[in-house]
Each structure stands twice: as structure tokens, then as C-alpha cells.
């Protein structure tokens, strides 16, 4: 099985934006999501994941307040995503929230 580790980041705006999409023929294991508020005031963040098989978005967090100049880390058990699934997010104010995702991608070999 071929796998690779990646860390991805995205500066969020007030519009939903894709942060990570699992590539074709891969399974993605999200081990950590780090949310950083770089602003001098508290702001909110919403994150969800898209299940491409069902065409449904599921909330990870909705309008959670992140204190000024602070971080919030989500890392319990890995979130397992299939090819085409994605993580997206939006912030309560522009250019204040950065999201970093640590993911391991495993290539699905044909047997």
C-alpha cells in the first residue's frame, strides 16, 4: 500500500471554501485539524465534511468562537474520507482564521 503524509493550510473568508479534497483512488485519514485566529478579536469558524457517495455535508463545527490570537486543535481519532470527499470551512470575518490539516493519503491499489 502506497501512502503519503501531507499538511495543508487555507486562510478562510466569510464564504465556504474547500480546504482539502481526497484525490481520486485514495483514502484520506485526517489526523489533526488546527484552527488559528490571527486577529486581535474573537471570531467564529464553521467546518464540515462532504460525503461524495451520498452528496451530503456533515457539520464538524458550526459558528464556534475562537479567541483572539489563539488556536484550537481537533485531534482525537482519524476522520476517514474516501476519494472525492472534502473538508470545507468559513470564518466569521475575512482573513482572520487559518486552518491546517494533517492528512495521510493511502493509494487504493487494484487487486
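What ranking of 47, 79 emerges when the number of other C-beta atoms within 10 Å of each C-beta is taken as an exposure proxy, fewest first?
The fewest-first ordering by Cβ neighbours comes to 79, 47.
So what are the radius of gyration and Dmax for the Cα set of the chain, in Å?
Gyration radius and largest Cα-Cα distance of the chain: 14.4, 53 Å.
Could you please rank 80, 103, placing first whichever residue has the fewest other Cβ atoms within 10 Å of its Cβ?
With the sparsest Cβ surroundings first, the list reads 80, 103.
So for the pair residue 69, residue 15, with labels modelled 7 Å out along Cα→Cβ, what separation do we get in nm?
3.2 nm
Tell me, in nm to one decimal, what length is gained between residue 52 and residue 83 on full extension, where the rule is 0.36 nm per residue of separation less the Cα-Cα distance?
That pair, residue 52 and residue 83, stretches by 10.4 nm at full extension.
By counting other Cβ atoms within 10 Å of each Cβ, how are 10, 4 ranked from fewest to most? All intermediate terms of the calculation are to be shown ahead of the outcome.
On the way: 10 17, 4 10.
Lowest count first: 4, 10.
Would you mind getting the Kirkwood hydrodynamic radius of segment 1-62 from its Cα pairs, rounded to one decimal in Å? Walk me through the numbers before you get to the answer.
Numbers: mean 1/r = 0.0714 Å⁻¹.
Computed over Cα pairs of segment 1-62, the Kirkwood hydrodynamic radius comes out at 14.0 Å.
Taking the chain as a Gaussian network, where each spring joins two C-alpha atoms under 10 Å apart, which residue of 26, 50, 58 fluctuates the most?
With Cα springs under 10 Å in the chain, the top fluctuation among 26, 50, 58 is at 58.
Need the full-extension length gain, residue 34 to residue 59, defined as separation in residues times 0.36 nm minus the C-alpha distance. One decimal, nm.
Length difference between fully extended and current span is 7.4 nm.
Most mobile of 48, 76, 85 per a Gaussian network model of the chain (Cα springs, under 10 Å)?
Evaluated over the chain, the most mobile residue of the options is 76.
Quick note: the coordinates plus some simple rules give every number you see, no bench work behind them. Since this is a predicted model, take the numbers as computed values, not measurements. Please note: Cβ atoms are built from the backbone with ideal geometry, for glycine as well, and neighbour counts cover all protein chains shown.
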